[in-house]
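Quick notes on the structure that follows.
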Amino acid sequence: MDAPKDYDDYVDHPRFGRAPRRTRVRVSRDTYPYEISLHWINGPFYGERPPEHVWDWGDDTWTVPGTAVVADPDAQREPTVPVTHYFDLDKRCVDCRRRFLFFAVEQKYWYQKLRLPLEANAIRCVPCRKAMQDAKAKQRRYMELVALDRRSPADSLEAAVAFLDLVDVGFFGDRRLDRVRALLNAAREDLGEDPRWRAALARVQELGERA
């Protein structure tokens, strides 16, 4: 497979866009005074073999040439092997399957500002990453609600809607709809005429028909 060159169909990063960020940083032993060490997802640097080479490590990830950003190894989180340069990475999202760029400046933020371990890798595009974070937050909220000793009708409805939202994104299976029905039944007396309650019931019925 040849390295992709047209970025029009790539996922748009909210800050950096969809095209590579070209730099004038030349990574070579002639221009860098210390031992060059690239991130493991960029591939090794052997002798005079130029790191500005488009690598493919079998997971459909490519290093974009000409995008090097100088790293600060002292700012990285206890690295076994410090990284001296980051490159834009051309990747495929594991969720939506669209291609996206994991930008060198984004890596610098991850590894030096947030101090994430260098083993951390972006496997999702930003929108799918955000959707995953939102789903996990909704899952935590759902677990909090169902763990309450005394749930109000509003709590039961919120838990039912959260469960249905998690079914929609694949977190929960629709074979557990009996839990949603129980939550809606608990709220029926007080909220049975509420449009939100009726909308949730309609979603349950639709999922039940598809199951």
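Every read-out reported here was derived from the displayed coordinates using simple, explicitly stated rules and does not represent laboratory data. All of these numbers come straight from a predicted model, not from anything done at the bench. Here Cβ is always computed from backbone atoms with ideal geometry, including for glycine, and neighbour counts include all displayed protein chains.
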Can you tell me the length gained on complete extension of the stretch K136 to A154, counting 0.36 nm per residue apart and subtracting the Cα distance? 4.4 nm
Principal axes of region 115-180: Cα extent on each, largest first, Å: 45, 25, 16
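Let me check I have the definition right: for region 89-211, take the eigenvalues of the Cα gyration tensor, multiply each by 5, take square roots. What are those semi-axes in whole Å, largest first?
37, 17, 11
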D59-L207 FRET efficiency (beta carbon distance; Förster radius 30 Å; 0.05 resolution): 0.30
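When a/c reaches 1.5 or more, the comparison of a/b and b/c decides; with that in mind, is region 169-211 rounded, prolate or oblate per its Cα gyration tensor?
prolate
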If I model a spin label as a point 7 Å beyond the Cα along the Cα-Cβ vector, how far apart are those points for A182 and V81 in nm? 5.2
In units of 2.2 N^0.38 Å, what is the alpha-carbon radius of gyration of region 83-140? 1.21
